[in-house]
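Single-structure report; data block below.
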Amino acid sequence: MLPSVMNPVLTEILRTRRVKSDRGFEHELNSEVSLEEGQRLQAAIRQCNATTTLEVGLCYGISTLFICQELADKPGARHIVMDPNQTRDFDRIGLSNLERAGYQHLLDFDERSSHVVLPQLESQGVQIDFAFVDGSHLFDYTLLEFFYLDRLLRVGGIIAFDDVFMPAVQKVCRFILANRQYTIFDCLPQGIGWRQNLKYELLNRACRVLPPLERFLKPEFQPLDIDLRPLSNARYLALKKEGIDSEETRSWNFYRDF
Ligand SMILES: C[S@@+](CC[C@H](N)C(=O)[O-])C[C@H]1O[C@@H](n2cnc3c(N)ncnc32)[C@H](O)[C@@H]1O
């Protein structure tokens, strides 16, 4: 059942699972965040009292509609979005959905890749309170996106990632939690990961009995002082920025395996 307070355009898309371009072409909805994930995005924005938010990857605009709905009543709110494929692959349907939903005034859209847009935002001195990463999903892009988003994000702000169960995205999240001042704010599992959990549990126990074993395990299976196990099965992960790294928190040779 869809909540009655949802924007009618979003409700209609989720109900029919169809999207339509301004030129009249219809497509089946795909690649979108679920209703539960959308609601968690909204809860994270509410929790950190965000007014300036940012998103990597527009597609048909489903997560953007959830985010904009949360921002709609906030004075001065702004949502920055980037996607190099909006015209080529998506017939500008994401932008059209946002206009029909009445959120155009909140939107600051750039049709270029994150690796071009994010450094420019930093050089303009933009500060953000919340970011959602659902773009290329490749390791190098995702890590680069985090690097710049962290520089834009205020302390106390939140960065959320989609598809964290994917090895490349998961690696980036593991790096952040092991090496940077972030904590888990929210984690949505994508299904039952009992096999993976059992594997972790058995290997962890074996390491406790026989500590030298650790040296032969991949970092994913080595016991860390932070519990990163939920990541292997996460659909969505939101991380809270707890502080700014300086030479006191990370010296030049600081590194924790992840
Ligand atoms: C999974 S879809 C996003 C779905 C969206 N969150 C939703 O709920 O509807 C991923 C999007 O990321 C975009 N993308 C891929 N590489 C990108 C990049 N380097 N910078 C920005 N967006 C990118 C793709 O064009 C695609 O539209």
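What follows is calculated from the coordinates using simple rules that are stated; it is not laboratory data. Predicted model only: the values in this text are computed from it and were never measured. With ideal geometry, Cβ positions are generated from the backbone for all residues, glycine too; neighbour counts draw on all protein chains shown.
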* Asked: Take the residues of the stretch 17-55 that are of a type in the set (V, I, T) and within 14 Å of the ligand (Cβ to nearest atom): which is surrounded by the most Cβ atoms within 10 Å (Cβ to Cβ)?
  -> T53
* Assess whether L58 counts as being surrounded by 22 or more Cβ atoms within 10 Å (Cβ to Cβ), in a helix (DSSP H, G or I) and free of Cβ contacts under 8 Å to residues at least 60 places away in the same chain. => no
* For the stretch 1-41, which residues satisfy the criterion of being assigned to a helix (DSSP H, G or I) and among the hydroxyl-bearing types (S, T, Y)? -> T11, T16
* To do: Select, from R78, R92, R88, R112, the only residue that is more than 8 Å from the ligand (Cβ to nearest atom), surrounded by fewer than 23 Cβ atoms within 10 Å (Cβ to Cβ) and within 20 Å of H137 (Cβ to Cβ).
  => R88
* If only one of E28, E32, E37, E70 is free of Cβ contacts under 8 Å to residues at least 12 places away in the same chain and not basic (K, R), which one is it? -> E28
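Residues checked against (1) touching a helix residue (DSSP H, G or I) at 6+ places or on another chain (Cβ under 9 Å); (2) more than 28 Å from A77 (Cα to Cα); (3) surrounded by fewer than 17 Cβ atoms within 10 Å (Cβ to Cβ):
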position	(1), (2), (3)
V133	yes, no, no
A160	yes, no, no
V169	yes, yes, no
I176	yes, no, no
T183	yes, no, yes
Q190	yes, yes, yes
L198	no, yes, yes
L203	yes, yes, no
* **The listed residue being of a type outside the set (D, E, K, R) and touching a strand residue (DSSP E or B) at 6+ places or on another chain (Cβ under 8 Å), out of I80, I62** => I80
* Of all residues in the stretch 133-185, how many are within 14 Å of the ligand (Cβ to nearest atom), more than 11 Å from the chain's Cα centre (by Cα) and not hydrophobic (A, V, I, L, M, F, W, C)? -> 4
